[in-house]
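The values are calculated or read from the model by the stated rules, or taken from the named source; none is laboratory data. Bear in mind the structure is a predicted one, so any value in this text is a computation, not a measurement. Cβ atoms come from the backbone with ideal geometry, glycine included; neighbour counts cover every protein chain shown. Ligands, DNA and RNA are stripped out before the accessible areas are found, and what is left, the full protein with its side chains, is counted by its heavy atoms. Shrake-Rupley method; radii C 1.70, N 1.55, O 1.52, S 1.80 Å.
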Amino acid sequence: MTVSWPTIEWTWAPLVLLALTAVGIVMADLFMRAPRPALWMQLGLLGLLAAGTAVVLKIPDGVSAFNQAVRYDGLGRLGVLVILAGGCLIVLISHRPVRRDELPAAEYFALLLLVVLGLATLSISFELMAIFLSVEMVSVGVYILAGLRRGDTRGSEAAMKYFVLAAFSAGFLVLGFAFLYGGAEGSTLLGRIALAVHRPSTPFTVGCVLAGFALALTGFAFKLTLVPFHLYAADVFDGAPTPVAAVLAALSKAAGLIALIHLLSPLRIVSNETMQSALTQDFTGLLWIFAALSIVVGNAVALVQRRIKRMLAYSTIAHSGYLLIGVLVFLDNTVRMAEVETAILVYLIAYVLMNVGAFGVAAALGPAGEGEIEHYAGLARRSPALALAMTVALLSLTGIPATAGFVGKLTLFARAVEAGHIALVVLAVLGSAVSAYYYLRIVVYMYMRESSTETVGADTDAAPLELGHKIGLILSTAATVLFGVFPQTLLFLLKIL
Amino acid sequence: MTNWLLTLIIFLPLAGALLLLAIPRTAGGGALRAGALGLALADLLLSVGAALQFDLSPAAPEFQFVAKVSWIPEWGASYHVGLDGLSLSLVLLTNFLAVLSILSSFSAIRQREKEYYILLLLLQSGVLGTFLALDLLLFYLFWELMLIPLYFLIGIWGSENRVYATMKFLVYTLVGSLLMLVGILVVYFHGKAANAGVGTFDYLALARADLRLDSSTALWTFLAFLLAFAIKVPVVPFHTWLPDAHTEAPTAGSVLLAGILLKTGVYGIVRFCIPFFPEVSATTAPLLAALGIVGIIYGAFTALAQTDMKRLVAYSSVSHMGFVILGLFAFQEQAVRGGLLQMLNHGISTGGLFLCVGLIYERRHTRRLADFGGLAVNMRRYAALTVIVALSSLGLPGLNGFVGEFLVIVGAFQRHWYWAALAGTGVILGAVYLLVMVQRVFFGPLDKPENRVLSDLSFREVLTLLPVVAMAFAIGLYPKPWLKLLERNSAGIIAKVQTVQDRPREVLVEVTPPLEEKHLARMFEFTTHSHSDRESLPQMQPKANGDKIISQISLTRPTYPTRPTCPIP
């Protein structure tokens, strides 16, 4: 006889696991006498790993849940894994900042987990409400996390700025979604919207869909820090605790990009003649402009930044531009979808790894290392390992071969060349050449300048690096090199996971 | 069919660098220096071993010691290395100069020695990989990888303006190489289309494939490749990074930069630009040859005006590399071969000159010509060796520089007499600025007190210059083996370009001006009956726009006189 177990709804499991861990951490903290940052960190890691394992083992490709509102399609499912893995790395590189700045550890890790939960949900949402709720979940978490350092004026400024602009962009998003809802004749499912695009019933529908996509794109442009909606990025990155900035830089962009692709996917299959010309042309044109502006402005403004996190903020703007080329290629339905998705995922993985590396080193160096670039003078002598990790991350951001960043750029640009976007690719590689200047300027400081007594004195935290932080940096650096030298390991991982 | 010799040659310095990493800091510099020198020597011996086994007979395969292992099967990239005459000569040059530059660093580098030798060995691996890779992606990997060690070598151990120089060098080179990456991708996807949808980065497959690039794509892709290589060579409008980088680099860096890194540019042109885009190469050849001549004369005049010895040598480098470019794009058997040989000669002579400048800089910490004078009195060994190296650089018969420049000029003369005449002025100017340098440094009164106390070269220092002098004489007096080594490559270039020029003759025999109309009519006919008539028009298979290039070429085709080969002195 068979025992009938209550069936587990596996599609919910990863999300529920994350939420439970977050709540569990906050609850357990109530019963602790002394703050236990290490314990909360380990619990957070455990939750993320459990969620990841559930996705890998129990959720096959293409499963949908919640009445089609959530679907683990190829891009979304692997995107969730990228976000969970990136979440693990960011939890690890939070070790030192949390201990040093005496942040409320339980709240910090719980909120971080909730933000990761929001991002994971965002990358598998196929329904407008779900997308909006995930976006808001992330935003609310980030408001608090950005301002978590009480008394820090930069932190408060960052939180305030993010709050105002996120609320503003949410307005665009909601308005856009309302139009799409109208265009789809009363449905919020992306599948139904695709149908409306496919067979618009009235001219009114066409207008609704157009306006909806345009407004939603604007909302996402805020999230992805696309020029001209990028202005908050540098201040928020600079003011927020460094690992939070890393979440915004790496994970939130990854999830946002995947969600944008899902949202625009109805445009890929347009067959109706009028819609085809209107939508696809308008949107490729619009995306083209966004991408070109982000590449040019991001790289140009990064050149003159004196603070490391501001520089990295502008660099992520440029990288958003490169990633947008991927979206453009995705909309071109002559290119095979699986290939584009692989290219985008490879780029995203490289992007997460190298940003975690760069932000992780900055976090390890303390307030001085999160500030002016001058502080990096002579770092190669003071802590050669950190300097090496930073160098690998920066070379990868530049896109030098034998790093993951190169593999990402190669796969993405290859698809773009195949789809005929040569002008944009040329712009992007020229941007990369310019970016070498500001990325490697840090390397110049680390290896080619001697540290002044002032900078040595500013090393507030001379204590050896916490184990967790160390593991996080080693993992991201090793993966950057491994995926760079043997890209097939990455492709293999994408295939089996 | 896998031979691991080349892999060993490429990765021995890299593996050695990792070994050096394991030497504790307390062990002192001696072990490091001995280790680095030993590794470089071992690698040199390996490459000499490869040279001895290299089969020069025409029946031998074009690439020997081939190793091919799948690397990224999803993209059709493989670890594919092979050796032909050109790459063999460059590998020998690389390992030769690597030994000398390590030997010359023993006393010059006192700071962070471990990192220094590790980076030097990494650079060597990168360059060797660039010369031996037969896969476009692998080539690009090594091509970029050699940038990074040099960036650090100049930036850490250079002189005052090192950071400016190294950033300039890096950004300049990256602009070129990233555009080349786009070019590689374009070639890749055209190769994929030609190869029934199977993409490959394999050089041999792509060079053989009919890429069917239309004329504007071919031109732009050619330019994308060419820009990367022209910046490296450097061809004149793209040369401004070079004087800074050379001047600020430590001696070994300058030696390797001038001796080897510049050659990767020429190598790239020979290996990729001309075989992939023979049509465009042929049409742009006059322009590029002209740029070569401009480089010769401009470099020479600028060198003449320098007061800093290292800058002088750097500009002489620009001038000498102009000969290489002129030789290549003259597309004439002797000129091409002379150009390729000149490339080796330049590596030896200019590398040697940088070693000489380094030796005196180490003693006096100045490179200004005005600070010297009369050194022949108290530094006799140094004076003798430097004069020989300078003479070899300025092209004195009997020394190596003469052979290459002479062949280039003879070859260029057969194309256009004024090319040869203009290039000839470069030789004369070269004699002027180098002899002026020799005269100012070594002759005249020994009137500066700082110079009176200078000691002559030690045994080790003589040992760094002696091989240079020996090679200068060896190539100068008996260039035949080297020319023989490069014969196949130069013949290959000529053949590649000539088949392009012959092609229109076969296709459009009856086409006479006014060509446009008739040609178009014929093409139209072809496209309408294409399926049935394809067999009867074998040469018309390329796409319509491909044919357009051919017609252009047939209009502007220059004549290539074939003369009996010139006896080599």
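Output the residues belonging to region B:65-78 that are in contact with a helix residue (DSSP H, G or I) (Cβ under 6 Å, 6 or more places away or on another chain) and closer than 29 Å to A:Val340 by Cα. Outline the logic, then answer.
Narrowing region B:65-78 to residues in contact with a helix residue (DSSP H, G or I) (Cβ under 6 Å, 6 or more places away or on another chain): B:65, B:67, B:72, B:74, B:77.
Within region B:65-78, B:Ile72, B:Glu74, B:Ala77 qualify.
Here is a check on your reading of the model: is B:Ala194 of a type in the set (A, V, I, L, M, F, W, C) and modelled with pLDDT under 85? It would help to see each step written out before you state the result.
Values: of a type in the set (A, V, I, L, M, F, W, C): yes; modelled with pLDDT under 85: yes.
For B:Ala194, the condition - of a type in the set (A, V, I, L, M, F, W, C) and modelled with pLDDT under 85 - is met.
Somewhere in region B:258-266, is a residue in a helix (DSSP H, G or I) and open to solvent by 20 Å² or more (accessible area, probe 1.4 Å)? Reasoning before the result, please.
Within region B:258-266, the first condition is being in a helix (DSSP H, G or I), and the residues that meet it are B:258-266.
Filter once more, keeping what is open to solvent by 20 Å² or more (accessible area, probe 1.4 Å): none.
The answer is no; no qualifying residue exists.
Hey, any hits in region A:348-355 for a residue that's touching a Pro at 6+ places or on another chain (Cβ under 6 Å), more than 12 Å from every other protein chain (Cβ to nearest Cβ) and open to solvent by less than 10 Å² (accessible area, probe 1.4 Å)? Full working, then the answer.
So the first thing to find is which residues in region A:348-355 are touching a Pro at 6+ places or on another chain (Cβ under 6 Å), and the list is none.
No: zero hits.
Just to be sure, is B:Thr284 at negative phi, touching a helix residue (DSSP H, G or I) at 6+ places or on another chain (Cβ under 8 Å) and open to solvent by less than 10 Å² (accessible area, probe 1.4 Å)?
Values: at negative phi: yes; touching a helix residue (DSSP H, G or I) at 6+ places or on another chain (Cβ under 8 Å): yes; open to solvent by less than 10 Å² (accessible area, probe 1.4 Å): no.
For B:Thr284, the condition - at negative phi, touching a helix residue (DSSP H, G or I) at 6+ places or on another chain (Cβ under 8 Å) and open to solvent by less than 10 Å² (accessible area, probe 1.4 Å) - is not met.
Does region A:403-416 contain at least one residue that is surrounded by fewer than 22 Cβ atoms within 10 Å (Cβ to Cβ) and either closer than 24 Å to A:Val247 by Cβ or within 9 Å of chain B (Cβ to nearest Cβ) (or both)?
Taking region A:403-416 and keeping what is surrounded by fewer than 22 Cβ atoms within 10 Å (Cβ to Cβ), we get none.
Checking region A:403-416: not a single residue is surrounded by fewer than 22 Cβ atoms within 10 Å (Cβ to Cβ) and either closer than 24 Å to A:Val247 by Cβ or within 9 Å of chain B (Cβ to nearest Cβ) (or both).
Taking region A:423-437, which residues are within 7 Å of another protein chain (Cβ to nearest Cβ) and either touching a Lys or Arg at 6+ places or on another chain (Cβ under 9 Å) or surrounded by fewer than 19 Cβ atoms within 10 Å (Cβ to Cβ) (or both)?
If we filter region A:423-437 for residues that are within 7 Å of another protein chain (Cβ to nearest Cβ), which is where we start, we get A:425-426, A:429-430, A:432-433, A:436-437.
Within region A:423-437, A:Val426, A:Val429, A:Leu430, A:Ser432, A:Tyr437 meet the criteria.
For B:Tyr164, are the conditions met, namely being in contact with a strand residue (DSSP E or B) (Cβ under 9 Å, 6 or more places away or on another chain), of a type in the set (Ser, Thr, Tyr) and either open to solvent by 30 Å² or more (accessible area, probe 1.4 Å) or free of Cβ contacts under 8 Å to residues at least 60 places away in the same chain (or both)? Quick ask: steps written out before the conclusion?
Working: in contact with a strand residue (DSSP E or B) (Cβ under 9 Å, 6 or more places away or on another chain): no; of a type in the set (Ser, Thr, Tyr): yes; either open to solvent by 30 Å² or more (accessible area, probe 1.4 Å) or free of Cβ contacts under 8 Å to residues at least 60 places away in the same chain (or both): yes.
No.
Restrict the check to region A:375-393 and report whether at least one residue is within 11 Å of chain B (Cβ to nearest Cβ), closer than 24 Å to A:Val301 by Cβ and crowded, with 21+ Cβ neighbours inside 10 Å.
yes
Can you tell me which residues in region A:200-257 are open to solvent by less than 10 Å² (accessible area, probe 1.4 Å) and of a type in the set (Ser, Thr, Tyr)?
Those that are open to solvent by less than 10 Å² (accessible area, probe 1.4 Å) and of a type in the set (Ser, Thr, Tyr): A:Thr205, A:Thr225, A:Thr242.
Of the conditions (1) out of contact with any strand residue (DSSP E or B) (no Cβ under 6 Å at 6 or more places or on another chain); (2) open to solvent by less than 30 Å² (accessible area, probe 1.4 Å), B:Leu134 fails just one. Which one is it?
All conditions pass for B:Leu134, except number (1).
Hey, among the residues in region A:450-488 that are over 22 Å from A:Phe359 (Cβ atoms) and surrounded by 13 or more Cβ atoms within 10 Å (Cβ to Cβ), which one's modelled with the lowest pLDDT? Spell out how you get there, then give the answer.
Initial filter on region A:450-488 (over 22 Å from A:Phe359 (Cβ atoms)): A:450, A:452-454, A:456-457, A:485-488.
Now restrict to residues that are surrounded by 13 or more Cβ atoms within 10 Å (Cβ to Cβ): A:452, A:456, A:485-488.
Numbers: A:Ser452: 68, A:Val456: 55, A:Val485: 89, A:Phe486: 89, A:Pro487: 89, A:Gln488: 88.
Top of the filtered list is A:Val456.
Within region A:196-211, is there a residue that is within 19 Å of A:Leu324 (Cα to Cα) and among the aromatic types (Phe, Trp, Tyr)?
Pass one, region A:196-211, residues within 19 Å of A:Leu324 (Cα to Cα): none.
So far as region A:196-211 goes, no, none of its residues is within 19 Å of A:Leu324 (Cα to Cα) and among the aromatic types (Phe, Trp, Tyr).
Can you tell me which residue among A:Glu136, A:Glu107 is under 22 Å from A:Val236 (Cβ atoms) and open to solvent by 50 Å² or more (accessible area, probe 1.4 Å)? Don't jump to the end; show me each part of the working.
Numbers: A:Glu136 fails: open to solvent by 50 Å² or more (accessible area, probe 1.4 Å).
Just one listed residue meets the conditions, A:Glu107.
Of all residues in region B:120-132, which are touching a residue at least 60 places away in the same chain (Cβ under 8 Å) and not aromatic (Phe, Trp, Tyr)? Reasoning before the result, please.
Initial filter on region B:120-132 (touching a residue at least 60 places away in the same chain (Cβ under 8 Å)): B:120-125, B:127-132.
The answer is B:Leu120, B:Leu121, B:Leu122, B:Leu123, B:Gln124, B:Ser125, B:Val127, B:Leu128, B:Gly129, B:Thr130, B:Leu132.
I'd like to check which helices (runs of 4 or more DSSP H) are fully inside region A:364-458 and have at least 1 residues that are touching a residue at least 12 places away in the same chain (Cβ under 8 Å) and among the charged types (D, E, K, R).
A:379-382, A:404-418, A:422-443
State all residues of region B:275-307 that are within 17 Å of the chain's Cα centre (by Cα) and modelled with pLDDT under 90; if no residue qualifies, say none.
B:Pro275
Identify all residues within region B:220-242 that are over 20 Å from B:Tyr140 (Cα atoms) and either crowded, with 24+ Cβ neighbours inside 10 Å or touching a strand residue (DSSP E or B) at 6+ places or on another chain (Cβ under 7 Å) (or both); write none if there are none.
Listed by number, the residues that qualify are B:Val235, B:Leu242.
Test A:Gly420 against the criterion of being open to solvent by 10 Å² or more (accessible area, probe 1.4 Å), within 14 Å of chain B (Cβ to nearest Cβ) and on the phi > 0 side of the Ramachandran plot, and give yes or no.
Numbers: open to solvent by 10 Å² or more (accessible area, probe 1.4 Å): yes; within 14 Å of chain B (Cβ to nearest Cβ): yes; on the phi > 0 side of the Ramachandran plot: yes.
In short, yes.
crowded, with 24+ Cβ neighbours inside 10 Å and not polar (S, T, N, Q): is that true of A:Leu114 in this structure?
Values: crowded, with 24+ Cβ neighbours inside 10 Å: no; not polar (S, T, N, Q): yes.
Criteria not met by A:Leu114.
Might you check whether a residue that is of a type in the set (A, V, I, L, M) and more than 25 Å from A:Ala380 (Cα to Cα) occurs anywhere in region B:107-119?
No.
Hey, can you tell me all the residues within region A:71-89 that are over 12 Å from A:Ala254 (Cβ atoms) and open to solvent by less than 10 Å² (accessible area, probe 1.4 Å)?
Residues of region A:71-89 over 12 Å from A:Ala254 (Cβ atoms): A:71-74, A:77, A:88-89.
Within region A:71-89, just A:Tyr72 meets the criteria.
What helices (runs of 4 or more DSSP H) completely inside region A:1-111 contain at least 2 residues that are basic (Lys, Arg)? Lay out the reasoning, then the answer.
Working: elements: A:13-30, A:37-58, A:74-92, A:95-100.
Where helices (runs of 4 or more DSSP H) fall fully within region A:1-111 and carry at least 2 residues being basic (Lys, Arg), they are A:95-100.
Keeping to region B:9-46, report how many residues are open to solvent by 60 Å² or more (accessible area, probe 1.4 Å) and modelled with pLDDT under 90.
Looking only at that region, the number is 8.
Criterion first (within 26 Å of the chain's Cα centre (by Cα) and closer than 30 Å to A:His319 by Cα) does A:Ala216 satisfy it? I'd like the intermediate steps shown before the answer.
On the way: within 26 Å of the chain's Cα centre (by Cα): yes; closer than 30 Å to A:His319 by Cα: yes.
Spelling it out, A:Ala216 is indeed within 26 Å of the chain's Cα centre (by Cα) and closer than 30 Å to A:His319 by Cα.
What are the residues in region A:377-400 that are closer than 17 Å to A:Ala313 by Cβ and among the hydroxyl-bearing types (Ser, Thr, Tyr), if any?
Residues of region A:377-400 closer than 17 Å to A:Ala313 by Cβ: A:390, A:393-394, A:397-398.
Listed by number, the list holds a single entry, A:Thr398.
Can we say B:Ala108 is more than 30 Å from B:Gly338 (Cβ to Cβ), more than 14 Å from chain A (Cβ to nearest Cβ) and surrounded by fewer than 20 Cβ atoms within 10 Å (Cβ to Cβ)? Steps first, answer last, please.
On the way: more than 30 Å from B:Gly338 (Cβ to Cβ): yes; more than 14 Å from chain A (Cβ to nearest Cβ): yes; surrounded by fewer than 20 Cβ atoms within 10 Å (Cβ to Cβ): yes.
Judged against the criteria, B:Ala108 is a match.
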